[in-house]
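First the structure, in the form of structure tokens, and then the observations on it.
The values are calculated or read from the model by the stated rules, or taken from the named source; none is laboratory data. Predicted model, so just to flag it, every value in this text is computed and none were measured. In this analysis, Cβ positions are derived from the backbone assuming ideal geometry, glycine residues included, and neighbour counts consider all displayed protein chains. Each accessible area value is taken on the protein alone, full model and side chains, heavy atoms only, with ligands, DNA and RNA left out. Shrake-Rupley method; radii C 1.70, N 1.55, O 1.52, S 1.80 Å.
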Amino acid sequence: MFEREAPLGYALVLPAVLYLGVFIAYPFLMSVWMSFSDAQAGNQKWTWTGWANYSKVEAYDVLANSFHVAQFKEKKDAEAFLAARDKATVTAEPAEGGKFKGVLHVAGKDVPVLQLDNDGDASFAVQTILSDFDWSVAKSGTTWDVVAKTKDTPLTLGEFQDRKTMKDAIKNEVLVEADTTIQEKGTGVLQDPNFVRAVKNTFQYTFGTELLKLLIGVPCALLLNRKFAGRRILRGLVVIPWVIPIAISAQGWLWIFDSTYGVINWALVHSHLVSPGQVPNFRGDKDWAMFSLILVNVWRGFPFTAIIILAGLTAIPDEIIERARLDGANAFQRFFYIIAPMVRPILMVSLLFSVIFSFTDFNTIWIITRGGPYDQTQVLSTYAYQLGINAGYLGKGAAISLFMFPIMAVMVLAMLQFLRREV
Amino acid sequence: MAEVNLENVEKRFGETWAVAGIDLTVHDQEFVILVGPSGCGKTTTLRMIAGLEDVSAGDIRIGGRSVVNLPPRDRDIAMVFQSYALYPHMDVYRNMAFSLQLRRVPKKEIDRRVNEVAEILGLTPQLKRKPRQLSGGQRQRVAVGAALCRQSGVLLFDEPLSNLDAKLRVHMRTELKRLHQKVRSTMVYVTHDQVEAMTMGDRIVIMNGGKIMQVATPLEAYDKPKNRFVAGFIGTPPMNFFSGEWVDSKVQLGGGVKLPYPRSSPNGTKSVVFGIRPEHIYVRPSGNKGETAVPSVIEVVEPLGHDVVATASCGAGVFQLAAEIHDGLKPQDKLDLQFDMARAYLFDRDTECVL
Ligand SMILES: Nc1ncnc2c1ncn2[C@@H]1O[C@H](COP(=O)(O)OP(=O)(O)O)[C@@H](O)[C@H]1O
Ligand SMILES: [Mg+2]
């Protein structure tokens, strides 16, 4: 039996196949199943629920944030209308079908704006437009319009069960030209504002860190590729952030970021650059928190980028650089015409790995901010954990983690395609 | 005018002397070959001319202008590297055009020059290819082409043929010589192969241990070697050497071999090295004056075709001789070999200079 190679070959790959099956394929398929079921902590029997974990719209909110209250041929008429806003009044008038029109009375004009189910809602909504919105005159096509706008507190025009009634309602309810937005409400993760924010955060985190890693890693590699005393020591030191376990180094960063006792704020206060009341709250403010996460990931990841690029640089034969010097290329031209294109394939490989690490990073975020403050820095991996494990919604957690899969697949395929073209 | 002058040029790497003070003038449009064993400082000399290596001492002038403080790109030189140093990400056209593009030569002119050079080198069908899609010989020609496009006064070559197979090497030898006659740049060419040196150079510079042993035309280097090193380096198979004593117009070698040495020679007794090329040892007397019979035994016969290299031994030691296949030499033959004393050399055993 030892004469033939095939059985031995199968025997040798069997452990690997088992490993792939047990530790990769099974959990993956399991989470796919979970994401299509009502799996929850404490729920023994899972039943198929289709796409409900991904997207289940229960209602549509219609929001409006700008109304064209009136239109004029002449600009001065529009301005006169705007000036008369202070003396404007609002009434609710009965309309057909038992509905009520909210009417705006300005400068002798009566403008029906909305038509709602009861008189209180109608007059309240129009009163809000009158007193809380910002009014201005704007040219729109051939007419001059008086526009009422709001940035952050749009008017809710109602909640609807399906798209058709919603469309009809908008047509019937809004009597002037208006900008409306539709917000889906429901129990699927796509309807969860935290999930939408987690997607945005994941991209921000990934591309923010990758860009910074390149901006720091490339010069670092160029520096380490030069001959100078202590180069070997420096090469060793540079990789330290990469080799320290993240659980330990992130703990260090936690101390650094402490808003009262951390070294950054301590230094800012004691050098009298910033008063104690105005120091950045690194983990408590959502922008600073995202900045802190990116900082930690860049600090930890740039050595990897630098070392890979350094490997690419050392692989360029000296004679190529010497020929470029003879050809008349100065240092910049050598970098952009010779070195960069020759390093690019290996740089893409490092970028590929790095993007995968950052896109799926859990540890850094979990240790530094735990997704906080108030879920403002959740990324897909932490939010999946938060929802799936901590809150017990296993199905939704699985659905969130599976969202990463197609996105990553697209990114990886795009980069591999690029690599194939390069080499 | 691109004459190259080296004046007492030295190069030291730490404790080792790569080049230990050389003087050399390469005339305008001359094809000069630097030849010598590996590690003798040829590459270093070339790199100092190119400006890739600073001189430790001395002066280098190109076209009468001292260049030791000029960067490589301002020296009016182009170089072909041993590894070809082609830019792997650029196609052949771009490889040849790159230096011209950097020098802001007009696009039309670049196109004209690249196409002309490609035509000369037979690279026109390959212009759109990347280096990795080319054969070794084609890459080598691209490297030469890139240097030619520059139309610089001086072209430097560092063992450009050493990565080619034997047949292609012989072909490129002729090709490069033809090219030199066409472009008329000053060429400095480094090789460790004395056959290449002899066949290609207008003059050859034989180097050893960082020093120049002799500068001569190929014929001079063969006929009138200045010292034992040159005599042994030039010529295949190499010259035979025997140490002996010079006494009273005779050379006494080991084993009682005594040879008359007719040339005017130093007086008295002297320790010498006697040298004679294999091709100046004959199987039969030719009737020339100055031939001396030396009883010998043939040990090995290596036929190369028409020519035969035989190894023989006499009382003074083992030596090689060049014969013809029709001479019918066989191992164990005992015969009197004729040493052509008119074409033999005597070297001082201490200074190794020819006497
Ligand atoms: N960069 C260097 N550092 C130290 N020694 C060198 C360097 N380059 C050449 N050498 C030494 O200088 C001597 C001459 O080298 P080189 O000019 O390359 O010889 P060749 O080209 O004739 O074979 C050799 O002994 C080599 O070891
Ligand atoms: Mg060399």
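About the Cα centre, and with charges only on the beta carbon of Lys, Arg (+1) and Asp, Glu (-1), how big is the dipole of chain B? Nearest 20 debye, please.
On the way: 45 positive and 41 negative charges, 299 e Å.
The calculated dipole for chain B is roughly 1440 debye.
Dipole size in debye (nearest 20) for segment B:235-353 around its Cα centre, Lys and Arg Cβ +1, Asp and Glu Cβ -1? Walk me through the numbers before you get to the answer.
Details: 11 positive and 15 negative charges, 69 e Å.
My answer is approximately 340 debye.
Sorting check: for B:237-244, A:150-157, B:94-101, which peptide has the highest mean count of neighbouring beta carbons within 10 Å, and how do the rest follow?
Going from most to least packed, we get B:94-101, B:237-244, A:150-157.
What are the trypsin sites (Lys or Arg not before Pro) within segment A:54-127 that DSSP puts in a loop, where the Cβ has at most 14 other Cβ atoms within 10 Å?
Values: sites: A:56, A:73, A:75, A:76, A:85, A:87, A:99, A:101, A:109; in loops: A:56, A:73, A:99.
Passing both the DSSP loop test and the Cβ count: A:73.
By a straight-distance test (C-alpha under 18 Å), which aspartates and glutamates pair with residue B:250 as possible cross-link partners, with residues fewer than eight away in the same chain excluded?
B:291, B:340, B:348
Quick check: at a probe of 1.4 Å, how many percent of the accessible area of segment B:195-322 sits on carbon and sulfur atoms? Kindly include the intermediate steps, with their values, before the conclusion.
Working: 3020 of 5710 Å².
The nonpolar share, carbon plus sulfur, comes to 53 percent.
Under a cut-off of 25 Å between alpha-carbon atoms, report the lysines in cross-link reach of residue B:11, not counting same-chain residues fewer than 8 places apart.
A:227, B:42, B:211, B:226
Can you tell me the alpha carbon radius of gyration of the protein assembly as shown divided by the globular rule-of-thumb value 2.2 N^0.38 Å? Please report the intermediate quantities before stating the final value.
Details: Rg = 44.0 Å, N = 778, 2.2 N^0.38 = 27.6 Å.
Normalised by 2.2 N^0.38 Å, the Cα Rg of the protein assembly as shown equals 1.60.
Cα extents of chain A along the three principal axes, largest first, in whole Å?
For chain A, the Cα spread along each principal axis is 94, 64, 50 Å.
Which value, in square angstrom to the nearest 100, describes the accessible area buried between chains A and B on both sides, using a 1.4 angstrom probe? Don't skip to the answer; put the middle values down first.
On the way: alone 24770 and 16750 Å², together 39600 Å².
Roughly 1900 Å².
Could you work out the pair-distance distribution P(r) of segment A:58-186 from its alpha-carbon pairs, with 10 angstrom bin width and percents rounded to whole numbers?
It works out to 13, 43, 33, 10, 1, in whole percents.
DSSP beta bridges in the protein assembly as shown, what fraction antiparallel, as a percent rounded to 5?
Numbers: 105 of 123 bridges.
Rounded to the nearest five, the antiparallel share is 85 percent.
Which lysines, if any, have their Cα less than 26 Å from the Cα of residue A:396, not counting same-chain residues under 8 positions apart?
A:45, A:56, A:185, A:200, A:286
What translational D, rounded to a whole number of µm²/s, comes out for segment B:137-229 from Stokes-Einstein when the hydrodynamic radius is the Kirkwood one over Cα pairs, at 10 °C and 1.306 mPa s? Kindly include the intermediate steps, with their values, before the conclusion.
Numbers: Rh = 14.3 Å.
Estimated via Stokes-Einstein, D reaches 111 µm²/s.
Tell me the mean residue ellipticity at 222 nm calculated for the protein assembly as shown from its helices only (DSSP H runs of n ≥ 4, each -39500 (n - 2.57), averaged over every residue, nearest 500).
It lands at -12500 deg cm²/dmol.
Per-residue counts of other Cβ atoms within 10 Å, averaged by peptide: what ranking do you get for B:124-137, A:360-373, highest first? Walk me through the intermediate numbers first.
Details: B:124-137: 14.6, A:360-373: 20.0.
Output ranking for B:124-137, A:360-373: A:360-373, B:124-137.
Could you tell me which of B:282, B:183, B:256 has its Cα farthest along the dipole of chain B towards the positive end, charges placed at Cβ (Lys, Arg +1; Asp, Glu -1), taken about the Cα centre?
Comparing the listed Cα positions along the dipole, B:183 ranks first.
Name the residues whose placed amide hydrogens come within less than 5 Å of the amide hydrogen of residue A:37, ignoring near sequence neighbours (fewer than 5 apart) on the same chain.
Residues meeting the criterion, in which the H sits 1.01 Å from N, are A:49.
Dipole of the protein assembly as shown (Lys/Arg Cβ +1, Asp/Glu Cβ -1, origin at the Cα centre): which of A:389, A:252, B:110 lies farthest to the positive side?
Sorting the options by dipole projection puts first B:110.
Over chain A, calculate the relative contact order: mean separation of alpha carbon pairs under 8 Å at least 6 apart, over the residue count, as a percent.
Values: 609 pairs, mean separation 80.1, N = 423.
Once normalised by length, the contact order is 19 percent.
What translational diffusion coefficient, to the nearest whole µm²/s, does segment A:1-93 have by Stokes-Einstein, given a Kirkwood radius computed over alpha-carbon pairs, a temperature of 4 °C and 1.567 mPa s viscosity?
Working: Rh = 21.4 Å.
After rounding, the answer is 61 µm²/s.
Let me test this: with uniform point scatterers at the alpha carbons of segment B:4-233, what is the Debye-based log₁₀ I(q)/I(0) at q = 0.11, 0.18 1/Å?
Normalising to I(0) and taking log10 leaves -0.55, -1.37.
Can you classify segment A:191-422 as rounded, prolate or oblate using the Cα gyration tensor, where a ≥ b ≥ c are the square roots of its eigenvalues, rounded means a/c under 1.5, and otherwise it's prolate if a/b beats b/c and oblate if not?
Values: a/c = 2.59, a/b = 1.42, b/c = 1.82.
Oblate is the answer for segment A:191-422, as a/c is 1.5 or above yet b/c matches or exceeds a/b.
Mind telling me which of A:204, A:376, A:115 comes out most flexible in a GNM of chain A, alpha-carbon contacts under 10 Å?
Taking springs between Cα atoms under 10 Å, the residue moving most is A:115.
Using only alpha carbon pairs under 8 Å that are at least six residues apart, calculate the relative contact order of segment B:64-170 and give it in whole percent. Kindly include the intermediate steps, with their values, before the conclusion.
Values: 124 pairs, mean separation 47.3, N = 107.
Averaging sequence separation for qualifying contacts and normalising by length gives 44 percent for segment B:64-170.
Counting only protein heavy atoms and using a 1.4 Å probe, what share of the accessible area of segment A:258-374 belongs to carbon plus sulfur, as a whole percent? Please report the intermediate quantities before stating the final value.
On the way: 3550 of 5610 Å².
Answer for segment A:258-374: carbon and sulfur cover 63 percent of the accessible area.
As a test of reading the structure, rank B:28, A:132 by solvent-accessible area (1.4 Å probe, protein chains only), most first. The partial results should precede the final answer.
Working: B:28 50, A:132 100 Å².
From most exposed to least exposed: A:132, B:28.
Can you give the mean number of other chain Cβ atoms that lie within 10 Å of the Cβ atoms in peptide B:82-91? If you can, show how the numbers build up before the last one.
Values: counts 1, 5, 4, 10, 3, 8, 7, 9, 3, 0.
Mean number of neighbouring Cβ atoms from other chains: 5.
Just the number, please: percent antiparallel of the DSSP beta bridges in segment B:4-233, rounded to the nearest 5. Don't jump to the answer; show the numbers that get you there.
Details: 20 of 38 bridges.
For segment B:4-233, the DSSP antiparallel bridge percentage is about 55.
With every protein chain kept in place and ligands, DNA and RNA left out, what is the accessible area per residue of the protein assembly as shown? Probe 1.4 Å, answer in Å². Numbers along the way, then the final one.
Working: 39600 Å² over 778 residues.
It amounts to 51 Å² per residue over the protein assembly as shown.
Using only the Cα atoms, what convex hull volume per residue in Å³ does segment A:259-375 have?
Working: hull volume 17.5 nm³, N = 117.
Here the figure is 150 Å³ per residue.
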